[in-house]
1. Can you pull out every residue in the range 197-213 that is assigned to a helix (DSSP H, G or I) and within 29 Å of Pro11 (Cα to Cα)?
2. Quick one: which of Ala13, Ala94 is out of contact with any strand residue (DSSP E or B) (no Cβ under 8 Å at 6 or more places or on another chain), closer than 21 Å to Phe158 by Cβ and of a type in the set (A, V, I, L, M)?
3. Looking only at the range 27-63, filter to residues that are among the basic types (Lys, Arg) and within 18 Å of the chain's Cα centre (by Cα); which one of those is surrounded by the fewest Cβ atoms within 10 Å (Cβ to Cβ)?
4. Conditions: (1) touching a strand residue (DSSP E or B) at 6+ places or on another chain (Cβ under 7 Å); (2) surrounded by fewer than 17 Cβ atoms within 10 Å (Cβ to Cβ); (3) assigned to a loop (DSSP other than H, G, I, E, B); (4) not polar (S, T, N, Q). Phe114 meets all but one. Number of the miss?
5. Considering only the range 86-111, state which residues are surrounded by 13 or more Cβ atoms within 10 Å (Cβ to Cβ) and of a type in the set (Asp, Glu).
6. Across the range 78-105, which residue is nearest to Phe58 (Cα to Cα) among those that are touching a residue at least 24 places away in the same chain (Cβ under 8 Å) and assigned to a loop (DSSP other than H, G, I, E, B)?
7. Can you name the residue in the range 3-26 that is within 20 Å of Leu128 (Cβ to Cβ) and in contact with an Asp or Glu (Cβ under 8 Å, 6 or more places away or on another chain) and is also surrounded by the fewest Cβ atoms within 10 Å (Cβ to Cβ) among such residues?
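Readers should treat all values here as calculations from the given coordinates under stated rules, not as data from a laboratory. These numbers were taken from a predicted model, which means no experiment stands behind them. Heads up, the Cβs are rebuilt from the backbone with ideal geometry, glycines too, and the neighbour counts pull from every protein chain shown.
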Amino acid sequence: MIKIHKFTCNPFAENSYLVWDDETKEAAIIDPGCYDNYEKTEIDNFITTNQLKLKYLFNTHCHVDHIFGNCHVKTNYDVIYYAPEEDLPLLQQAATQAAMFGLEIRETCVPDKFITPGLTLLLGNVNLEFLFTPGHSPGGYCIYFKNENVCITGDVLFEGSIGRTDLPGGHHDQLLKSITEKLFVLPEETVIYPGHGEFSTIGKEKKSNPFFN
């Protein structure tokens, strides 16, 4: 069984997620946005207290609010770091992205591997699949735990909203297509955990999301 814990980080109120297989304690951190020492320590303490074995670091996309904590995680844990190849330019421009908002990011880490469409991995005994959902960024991905009816949607789909497309690399029509073809075909009971805000379900968003109704 998968377990999920949310940390809300940095001035953008970004959701960073720790997910783990409750049986093996094998864990992944998704979009570590921890910006200051307090936020980094909060995540570290949770990992230690729950005896998690951190194996993966995933970026659903590489806008700066989702990557602030990458190097902290990569430096302190023996993780395999995956990021979308299409978002590599955003990763390389992290300092410029941060400066646009009056913030700073002093270092960035190079991914060990790239996320590719249809990539599947095991987290302990739990299968996860990467769904290519560009539009908010060129390389946006959602992480789908099919047997658990859970999907981490990054900044693609939110409760009652969708990701911004006015940032560099954004494309509104492409985002709507990604949601319609990759997310709205999932079972309606699938719980979505977005990059900002609260969780929802696929069924709820199909029925009431104003961008589709």
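1. Of the range 197-213, the ones assigned to a helix (DSSP H, G or I) are 202-208.
Matches in the range 197-213: Ile202, Lys204, Glu205, Ser208.
2. On the way: Ala94 fails: closer than 21 Å to Phe158 by Cβ.
Unique residue meeting the criteria: Ala13.
3. Taking the candidates together, the pick is Lys40.
4. Of everything listed in (1) touching a strand residue (DSSP E or B) at 6+ places or on another chain (Cβ under 7 Å); (2) surrounded by fewer than 17 Cβ atoms within 10 Å (Cβ to Cβ); (3) assigned to a loop (DSSP other than H, G, I, E, B); (4) not polar (S, T, N, Q), Phe114 misses just condition (3).
5. Within the range 86-111, Glu86, Asp87 qualify.
6. Among those that are touching a residue at least 24 places away in the same chain (Cβ under 8 Å) and assigned to a loop (DSSP other than H, G, I, E, B), it is Val79.
7. Here is the first cut: in the range 3-26, the ones within 20 Å of Leu128 (Cβ to Cβ) are 3-7, 15-26.
With in contact with an Asp or Glu (Cβ under 8 Å, 6 or more places away or on another chain) added as a condition, the list becomes 3, 7, 15-17, 20.
Values: Lys3: 15, Phe7: 19, Asn15: 24, Ser16: 25, Tyr17: 20, Trp20: 26.
Within the range 3-26, the match that is surrounded by the fewest Cβ atoms within 10 Å (Cβ to Cβ) is Lys3.
This table checks each residue for (1) of a type in the set (A, V, I, L, M); (2) within 21 Å of Gly170 (Cβ to Cβ); (3) in contact (Cβ under 8 Å) with a residue 40 or more places away in the chain.
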site: Val19; (1), (2), (3): yes, no, yes
site: Glu26; (1), (2), (3): no, no, yes
site: Tyr38; (1), (2), (3): no, no, no
site: Ile43; (1), (2), (3): yes, no, no
site: Ile67; (1), (2), (3): yes, yes, yes
